[in-house]
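Contents: one structure, followed by commentary.
The values are calculated or read from the model by the stated rules, or taken from the named source; none is laboratory data. Quantities reported herein were computed from a predicted structural model and do not represent experimental measurements. Here the Cβ positions follow ideal geometry from the backbone for every residue, glycine too, while neighbour counts run over all protein chains shown.
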Amino acid sequence: MEFDGKYVLISGASRGIGKATAMTFAEKGAQVGINFRSNREKAEKTLSELPGKGHQLFQNDISQESETKKLIDAFVSHYGRLDILVNNAGISIFHEIDKVDFDHWTHAWQSTFQINLFAVANLCYWASKAMMKTGGGRIVNVSSRGAFRGEPTKPAYGASKAALNAMSQSLAKKLAPHNIYIGVVAPGFTETEMAAETLTPTERESLLRESPFQRMAQPKEVAHAILFLASEGAEYTSGTIIDVNGASYLRS
């Protein structure tokens, strides 16, 4: 898979899966736009590590509706076109129904859907408008195995990712005549900084036992699936959801 001459925008690209995806696209010749919300130091570090030239930072809080258009407009203004959009940014908030008060419950649902679904929908809208002007493009959305298996401690997260899958497949049907192809990658737990920061040793050990590989996914393994869906020749996979969970959850 080569991406020479392709312009790629990745949301939430300063660390974790987003960073690994940015690195892998850059290694394959793409020019990459790194979207981040607030941690400029982390984003600049990622930018400095990307191989090749022409990469750029874009600071936009995509939870704000108006910022999604600003992000796409800024990217197209800088590069002249948008070939590939990777919607990677997302949040996860614990809100167990038998343990939290109603304010926490409603906050978790509103915040999670705002980032994990509405922001993605809005970025898909503006990106598809830009891609239609240049003959097409590719959009890859990052979902989760939680969309299928359920998330009892974070139900809004699982629900938002299930909705993301349904939206992605609806758009795959609608946008195919415009040569815009939509793919979804659904990782299980991945070895990221966020996982290291939030998992207790007991939780980590439990997660490792879920997969016959006895380990979590590496960010680059998720990035590999993203690049496949974004590659030339993968057009007929539009609407596909690729599981990257080490056989920890198998759906029929």
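Overview of results
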item: Close pairs from the stretch 57-82: first over 25 Å from GLY135 (Cβ atoms) and in contact (Cβ under 8 Å) with a residue 40 or more places away in the chain, partner surrounded by fewer than 18 Cβ atoms within 10 Å (Cβ to Cβ) and of a type outside the set (A, V, I, L, M), Cβ under 6 Å, at least 6 apart; result: SER63/GLN114
item: Single condition SER14 does not satisfy, out of (1) farther than 14 Å from ALA230 by Cβ; (2) modelled with pLDDT of 95 or more; result: (2)
item: Complete set of residues in the stretch 134-149 that are in contact with a helix residue (DSSP H, G or I) (Cβ under 7 Å, 6 or more places away or on another chain) and under 20 Å from ILE91 (Cα atoms); result: ILE139, VAL140, ASN141, VAL142, SER143, SER144, GLY146, ALA147
item: Listing of helices (runs of 4 or more DSSP H) fully contained in the stretch 82-173 that carry 2 or more residues being at pLDDT 95 or above and more than 30 Å from PHE25 (Cα to Cα); result: 102-113
item: Qualifying residue in the stretch 143-166 (condition: surrounded by 18 or more Cβ atoms within 10 Å (Cβ to Cβ), closer than 20 Å to PHE75 by Cβ and either among the polar types (S, T, N, Q) or touching a strand residue (DSSP E or B) at 6+ places or on another chain (Cβ under 8 Å) (or both)); result: no
item: Leading residue by the ranking (farthest from GLY18 (Cα to Cα)) among those in the stretch 225-238 that are of a type outside the set (Val, Ile, Thr) and crowded, with 18+ Cβ neighbours inside 10 Å; result: SER238
item: Scope the stretch 16-36; condition surrounded by fewer than 24 Cβ atoms within 10 Å (Cβ to Cβ), in contact with a strand residue (DSSP E or B) (Cβ under 6 Å, 6 or more places away or on another chain) and in contact (Cβ under 8 Å) with a residue 40 or more places away in the chain; matching residues; result: GLN31
